[in-house]
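S.K.: Pasting a structure here, questions to come.
Please treat every number below as a calculation from the coordinates, not as lab data. Remember, predicted model here, so these are calculated numbers, not experimental data. Neighbour counts run over all protein chains shown; Cβ positions are idealised from the backbone, glycine included.
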Amino acid sequence: MSKRALITGITGQDGSYLAEHLIAQGYQVWGLIRGQANPRKLRISRLASDVTFIDGDLMDQASLVAAVDAVQPDEVYNLGAISFVPMSWQQSELVTEVNAMGVLRMLEAIRMVSGLDKSRGGGGGGGIRFYQASSSEMFGKVTETPQRETTIFHPRSPYGAAKAYGHFITRNYRESFGMYAVSGMLFNHESPRRGAEFVTRKISLAVAQIKLGLQDKLFLGNLDAVRDWGFAGDYVRAMHLMLQQDEPSDYVVGTGRIHSVRDAVRIAFECVDLDWEDYVAIDPTLVRPAEVETLCADSTRARTQLGWEPAVDFRELMAMMVESDLSQASRERDYGDLLSATSW
């Protein structure tokens, strides 16, 4: 009998790749969405046509209980979040409600459906295994490099602070109720499906537009910020592997290799034979109030215990994103030219 998985955040980058991966593994997959009229639903249906959608909202406890009860999943992947870090300074309360309290609500939904008694620890989580999408942003102002599972958290944004709560409450439910609940401390992971507001996709989109003569400049903030960037399609494999182990445990997932925003810009422009310095300008308003300068993963445990390895390196990742955006921008330009040349 095939396993059943429930994914929150299925309309996002990670949710779409995870849905594809689980379906390829023979799973029945449900995606939690807010309202059947969700505009992103069609996109996911095209990518993974076998996904079944179910209503639910991380800010509504009753809807989560109803969704878990209806699906009766073997595994729940909580990828739903407001994931754009700069937004967390403008809407910190909303980000906290979704990224922190949303985790608690989902854990409570699993506990209630599973029939675990809140007054005593122990139990097996009713067989439901839970994955929480933690973040390297929890490390923030790092106390050591590279960062591993035991590195102290020092978040530098409301986003990072909310993710730290989600991480700790997941651990608490594991220790309090014996739930199979784990967190993946994933470092930055990108793809052609990344939102346009994220710096790597902002770069790849701009490079495509500039190459086609549709844009003149790319404005960025801190070019010296350093990240450990990988491919999202690789990272969802690690999520799945975490829920297949005999014992629940948290894992750091990343490539262990760091690159600056400047590196990302240079590589992206090289993909279209342009010199990045001719097109990039600094906009001080894009610099974060409190910057996280360097994040680098020590994924030794994930590699040795899960057998996980990333397959796509950073240069391949940036080339993949530029190629995808260049192809899309070319089609849109050609279609626009066709409309302009057509008489009605």
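S.K.: Could you tally the net charge around Gly127, taking each other residue with its Cβ under 12 Å from the Cβ of Gly127, Lys/Arg +1 and Asp/Glu -1?
M.R.: The answer is +1.
S.K.: Just want the ordering: Lys141, Lys163, Lys217, from fewest to most Cβ atoms lying within 10 Å of their own Cβ.
M.R.: Arranged by neighbour count, lowest to highest, Lys141, Lys163, Lys217 become Lys217, Lys141, Lys163.
S.K.: If you don't mind, another one. Quick one: if you stick a label point 7 Å off each Cα along the C-beta vector at Asp283 and Glu144, how many nm between them?
M.R.: Taking the two extended label points, one gets 3.9 nm.
S.K.: Another question, then. Compare the Cα positions of Met320, Ile44, Gly31 along the charge dipole of the chain (+1 at Cβ of Lys, Arg; -1 at Cβ of Asp, Glu; about the Cα centre) and return the one farthest towards the positive end.
M.R.: Farthest along the dipole direction, towards plus: Gly31.
S.K.: What does the charge count around Arg4 come to, taking other residues whose C-beta lies under 9 Å from its C-beta (Lys +1, Arg +1, Asp -1, Glu -1)?
M.R.: Combined, the nearby Lys, Arg, Asp and Glu give -1.
S.K.: In deg cm²/dmol and to the nearest 500, what is the mean residue ellipticity at 222 nm of the chain if only DSSP H runs of at least 4 residues count, each as -39500 (n - 2.57), divided by the residue total?
M.R.: My calculation for the chain gives -12000 deg cm²/dmol from helical runs alone.
S.K.: Taking neighbour Cβ counts within 10 Å as the exposure measure, how do Leu306, Leu42, Leu47, Leu116 sort from fewest upward?
M.R.: With the sparsest Cβ surroundings first, the list reads Leu42, Leu47, Leu306, Leu116.
S.K.: Convex hull over the Cα atoms of segment 191-239, averaged projected area in nm²?
M.R.: 4.3
S.K.: Relative to the longest principal axis of the C-alpha atoms of the chain, give the angle of the C-alpha long axis of helix 102-114, reported between 0 and 90° and rounded to the nearest 10°.
M.R.: Compared with the principal axis, the helix lies near 40 degrees.
S.K.: Kirkwood Rh and Cα-based Rg: tell me the resulting Rg over Rh for segment 1-82, rounded to two decimals.
M.R.: Dividing the radius of gyration by the Kirkwood radius yields 0.93.
S.K.: Which GluC sites (Glu not before Pro) does segment 162-202 hold that lie in a coil by DSSP with at most 13 other beta carbons within 10 Å?
M.R.: Filter output for segment 162-202: Glu197.
S.K.: Could you put Met318, Met112 in order, starting from the residue whose Cβ has the fewest other Cβ atoms within 10 Å?
M.R.: Met112, Met318
S.K.: Also, quick follow-up: Any idea what the relative contact order of the chain is, in percent, if you count C-alpha pairs under 8 Å spaced at least 6 apart?
M.R.: 16 percent.
S.K.: Which chymotrypsin sites (Phe, Trp or Tyr not before Pro) does segment 44-86 hold that lie in a coil by DSSP with at most 16 other beta carbons within 10 Å?
M.R.: Taking segment 44-86 and a limit of 16 other Cβ atoms within 10 Å, the loop chymotrypsin sites (Phe, Trp or Tyr not before Pro) found are Phe84.
S.K.: Next question. Along each of the three principal axes of the Cα atoms of segment 112-236, give the extent in whole Å, ordering the values from largest to smallest.
M.R.: Between the extreme Cα coordinates on each principal axis of segment 112-236 lie 64, 32, 23 Å.
S.K.: With a Cα-only, solvent-free Debye model of the chain, what are the log10 I(q)/I(0) values at q = 0.12, 0.14 Å⁻¹?
M.R.: The Cα Debye sum returns log10 ratios of -0.87, -1.17.
S.K.: Shifting gears a bit: Non-local amide H neighbours of Arg129 (under 5 Å, H modeled in plane, Pro and chain starts lacking H): which ones?
M.R.: Placed amide hydrogens put Glu75, Val76 under 5 Å from Arg129.
S.K.: Can you compute the charge dipole magnitude of the chain about its Cα centre, using +1 on each Lys and Arg Cβ and -1 on each Asp and Glu Cβ, nothing else charged? Give it in debye, rounded to the nearest 20.
M.R.: 700
S.K.: Taking 0.36 nm per residue of sequence separation and subtracting the Cα-Cα distance, how much length would be gained by fully extending the chain between Glu247 and Lys3, in nm to one decimal?
M.R.: 86.0 nm
S.K.: Asp60: net charge of surrounding residues, Cβ under 13 Å, Lys/Arg +1, Asp/Glu -1, itself excluded?
M.R.: It works out to a net charge of -2.
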